[in-house]
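Right, one structure below, let's go through it.
All of the numbers you see were taken from the coordinates with simple rules; none came from a lab. Here the structure is a predicted model, which means the values were calculated and not measured. Glycine gets a Cβ as well: all are built from the backbone with ideal geometry, and neighbour counts include every protein chain shown.
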Amino acid sequence: MTRDRRWGALFAIAVSTLTVIGMGAIGGSARINPGSTPAGRDRIFLHLKPAEVVAGGHAFGSAGAYERVTGTVDLWLDPLDPRNATITDLDKAPRNASGLVEVRSDVDLLRPVDLSRWNQQLIFEVNNRGNKVILNSLDEAPWINDPQSTSDFGDGLLMKQGYAIAWAGWEGDVLPGNQRLTLRVPVAHAPGGAPLTQRISVEFHDRYLAADGPTPCLPLSGSADFASYPVANGTADQAELRVRPSDTSASQSADLPPGALVPHELWSFAGATTLCLRDGFSRGSVYELSYVAQDPRVMGVGYAVTRDVVAFLRQRSRDDSGITSPLGLVQHAIGAGTSSSAMYLRDFIYQGFNEDLAGRRVFDGVFIAGAGAQKLSLNYRFAQPNPFSTQHADRFLPAVTFPFNFGVRENPMVRLGLTGGPLQDGILKRGSSDPLVIQVDTSTEYRQFQASLVDTDGLGHDVALPWNARHYLIAGIEHGGMIFNAAVLPVCQQPMNPTYAGPALRALFMALAAWVVTGQPPPPSQRPTIGNGRLTSPAEAALGFPQLTTVRDAGAFNPAGQPELGAAGRGNEGVLTSWHPRVIAPYRVLLPVVDALGIDEGGIAVPAIGVPTATATGWNIRPASASGSELCDLHGMWLPLPARGTPNDPRPSLLALYGSHAGYVHAVDQFSSAMANQRWLLADDAAAAVRDAAASDLLVS
């Protein structure tokens with residue numbers, strides 16, 4: 001298998017995680033007298049294990065051998081600090097003797113054994129549900145949370161550059177397991193210590209259900225990997241369960257109709273955190289439970305953990321008990337996130353967490369991969385950051401809310417009096433503390449995560465990116481585009497897309513690093529827009545997909561609209577007053593046009609897509625959807641081109657495109673060289689693509 005033909009596992013659903021149960025103050029965690037230091041700022045206390053050399057001491061280029069430092073960090077957050085005040089319910093969390101709120105996070109750090117070989121730059125990856133992704137996506141390594149052997153680090157690209165790489169837990173509902181990173185967060189209470197309660201909604205659907213028969217019971221979170229919000233005492237009879245066919249959501253309307261009521265005698269709670277259905281939950285249906293929950297975890301502290309850990313590594317040599325930092329002072333810090341973690345970074349910046357408590361910039365640059373136009377639903381009361389909105393599921397989440405553009409612009413909903421909030425808003429709005437941003441999306445994000453809204457106003461007009469942001473489409477790749485595998489047919493109608501996004505991601509990350517460190521701007525944004533004619537209506541006729549007998553493109557996508565969140569739920573934070581909100585106004589979601597092979601235009605491409613041997617897409621079709629109108633989760637398609645022309649296939653054949661095996665290798669060489677010259681591909685990856693093409697059997701006989 002070539003380097004470019006690797007199947008992308010879905011970051012967004014691939015997961016168990018570490019959790020975190022609600023907790024009060026962490027007794028005895030600090031090593032100072034709590035009353036000996038005045039309140040008024042956050043404090044940090046390290047609990048680190050001795051460093052362990054990894055990869056058997058293998059030397060990663062001039063950076064030499066690497067070692068790993070693990071442990072936990074205790075953070076004491078000041079609820080009175082204005083930069084913490086935006087954290088929903090922090091003022092309702094238990095406080096210690098210093099009047100501060102305590103949280104504890106797992107931490108993990110890779111660094112050169114000889115710190116004189118460190119490049120004094122830090123990469124902080126926002127983990128995906130406790131899972132480490134960056135070594136897989138950028139270093140061609142296996143997806144593993146406990147890297148030990150040399151092969152666990154792939155080709156060691158980041159280590160050879162001398163980077164330190166750090167992780168910390170941020171998601172307060174993930175349960176422990178498989179070396180994932182956890183965060184223990186407090187539970188908010190009403191005045192006097194009474195439980196906080198609220199009616200919320202949760203959904204259960206195919207992603208959580210067994211493939212071989214009905215599933216009798218499920219945790220209220222949907223997955224045993226995530227902690228649930230318990231049913232409030234004495235309110236079980238107030239709960240309501242509805243069910244609808246999952247294709248009910250396939251309408252291009254942003255409104256989501258309610259399902260049919262399930263009679264109470266057919267379902268019941270087993271304890272406070274489990275739901276059971278008498279005949280079992282069945283695939284192909286979406287079940288929505290509305291119930292009164294209690295004990296909300298203060299999930300927004302996850303943003304403060306990232307801010308304070310990175311700020312500590314950048315600015316301080318010792319923690320608040322005198323323990324030495326595991327790094328020297330950091331000159332430059334880059335944040336990176338994929339899928340839900342990329343959505344996290346969009347919201348992290350928007351909500352002001354890229355300023356530390358002294359007003360200094362936290363991340364100099366951020367690398368956002370696979371977020372589309374969505375921000376994470378983390379800083380709400382009873383937040384649910386694990387689910388994500390798709391065409392068929394979890395559409396009740398406030399995933400796409402204004403602003404979805406990086407630049408500041410007018411909010412038409414405020415202008416028309418339809419909602420409250422500032423008239424002018426944008427993700428990058430804080431001047432000197434805003435980071436440099438590169439956002440990379442695959443073709444899937446245009447279908448499922450409304451990526452066209454990054455560059456449009458939601459009404460069908462282009463919106464310019466600010467000077468400090470770039471947006472790129474990696475065309476013809478499905479969401480993730482990461483783990484090595486073959487084109488298989490596990491859940492979708494058509495074979496899945498195996499293309500590895502790594503070559504493009506590696507080049508774009510290095511372009512961001514150069515921008516941060518030397519000021520060299522990255523290549524211009526490369527994505528479909530209305531102005532360049534590559535972004536159009538989802539109508540089937542407008543997209544131009546080839547007329548194949550096996551599948552057609554009906555322009556399916558996940559709609560979006562501005563939800564009515566209420567006065568207490570503005571700015572992607574606060575308390576939602578409706579968990580099935582009405583849509584104030586729909587946003588116009590657009591899709592890329594495609595070429596004669598059905599591959600999205602307007603973006604950049606890795607060699608396997610730029611020199612195509614198949615129709616490669618970011619969308620696939622559900623097995624039961626013969627009409628081709630139903631998206632199959634976050635998967636893409638891989639439909640090989642015929643070796644020679646066939647009467648029923650309008651696409652060009654391999655023979656017509658390349659003439660011979662030598663012609664194919666020459667085409668890869670030409671394309672890869674051009675991509676490297678434009679900084680879309682690293683020189684080593686361009687050479688590897690040519691070697692892979694030469695070793696292939698394409699048109700050999």
For the range 281-360 and the range 206-267, compute the distance between their C-alpha centroids and round to whole Å. 29
Grab the chain and count how many Lys pairs have their alpha-carbon atoms under 21 Å apart, sequence gap of 8 or more, or different chains. 4
Honestly the range 411-553 on the Cα gyration tensor test (a ≥ b ≥ c root eigenvalues; a/c under 1.5 rounded, otherwise a/b vs b/c for prolate or oblate) is just oblate
In percent, what relative contact order does the range 174-288 have, based on Cα pairs under 8 Å that are 6 or more apart in sequence? 35
Shape of the range 309-395 from its Cα gyration tensor (a ≥ b ≥ c, root eigenvalues): rounded if a/c is under 1.5, otherwise prolate when a/b > b/c, or oblate? prolate
In Å, the C-alpha Rg and Dmax of the chain are 24.8, 83
Using modelled backbone amide H atoms (1.01 Å from N, in-plane), which distant-in-sequence or interchain residues come within less than 5 Å of residue 614's amide H? 641
Exposure proxy check on 76, 267, 619: fewest-to-most Cβ neighbours within 10 Å is 267, 76, 619
For each of 269, 348, count neighbouring Cβ atoms within 10 Å of the residue's Cβ, then give the residues from fewest to most. 269, 348
State the volume of the convex hull built on the alpha-carbon positions of the range 31-160, expressed per residue in Å³ and rounded to an integer. 138
Quick one: P(r) of the range 197-294 from all Cα-Cα pairs, 5 Å bins, percents rounded to integers, in order of increasing distance. 3, 13, 25, 26, 19, 11, 4, 0
Computed over the range 538-603, Kirkwood Rh from alpha-carbon pairs, angstrom: 14.7
Taking the Cα centre of the chain as origin and charging only Cβ (+1 Lys, Arg; -1 Asp, Glu), how large is the dipole, in debye to the nearest 20? 840
Can you give the Kirkwood hydrodynamic radius for the range 106-237, in Å, rounded to one decimal and based on Cα pairs? 18.2
Normalised by the residues of the chain, what does the relative contact order come to in percent, with Cα pairs under 8 Å and at least six apart? 14
Along the charge dipole of the chain, pointing to its positive end and built from +1/-1 on Cβ of Lys, Arg, Asp and Glu, which listed residue (437, 269, 227) has its Cα farthest out? 437
Per-residue Cβ neighbour rank within 10 angstrom, fewest leading, 129, 691, 199: 691, 199, 129
